[in-house]
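Okay, structure first, notes after.
The values are calculated or read from the model by the stated rules, or taken from the named source; none is laboratory data. Computed from a predicted model, the values in this text were never measured in an experiment. No Cβ is skipped: glycine too gets one built from the backbone with ideal geometry, and neighbour counts run over all protein chains shown.
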Amino acid sequence: MSETACKTHRLDQLPIEEMGRHAEDAAQFLKMMANPHRLMILCHLLDQEMSVSELNAHLPLSQSALSQHLAVLRNSGLVKTRREQQTIHYSLASQEVQAVMAVLYEQFCKVD
């Protein structure tokens, strides 16, 4: 059986209510990413964790605007933090975020 047929078969067995919940989760996940500044932040975090000052050096945002975007990403579970003395380091929070950002990077950011 082809991979496409397997995917279709699995979707056919998923109850419509459960599929609806998954669709809601996916829509919320994508909604949090659907901002150019937040996407740029997530792209910078794709391969490494970074502090606010490190991110600020790479992004055309004031520190307060950057902090607001980071708060949205943190509150939505897309990034996580690690404190080292007075410095907070940000990184992608999950394999799901990593996978989506890797696809977006390949499609839109990769320089050949």
- Is it the case that the stretch 72-86 has a residue that's in a loop (DSSP other than H, G, I, E, B) and over 22 Å from L104 (Cα atoms)? yes
- Message: Return the residues of the stretch 87-112 that are under 15 Å from F29 (Cα atoms) and either in a loop (DSSP other than H, G, I, E, B) or not assigned by TED's automatic domain parsing to the domain that holds L42 (or both); say none if nothing qualifies.
- Response: A93, S94
- State all residues of the stretch 1-17 that are surrounded by fewer than 10 Cβ atoms within 10 Å (Cβ to Cβ) and modelled with pLDDT of 65 or more; if no residue qualifies, say none. R10, D12, Q13, P15, I16, E17
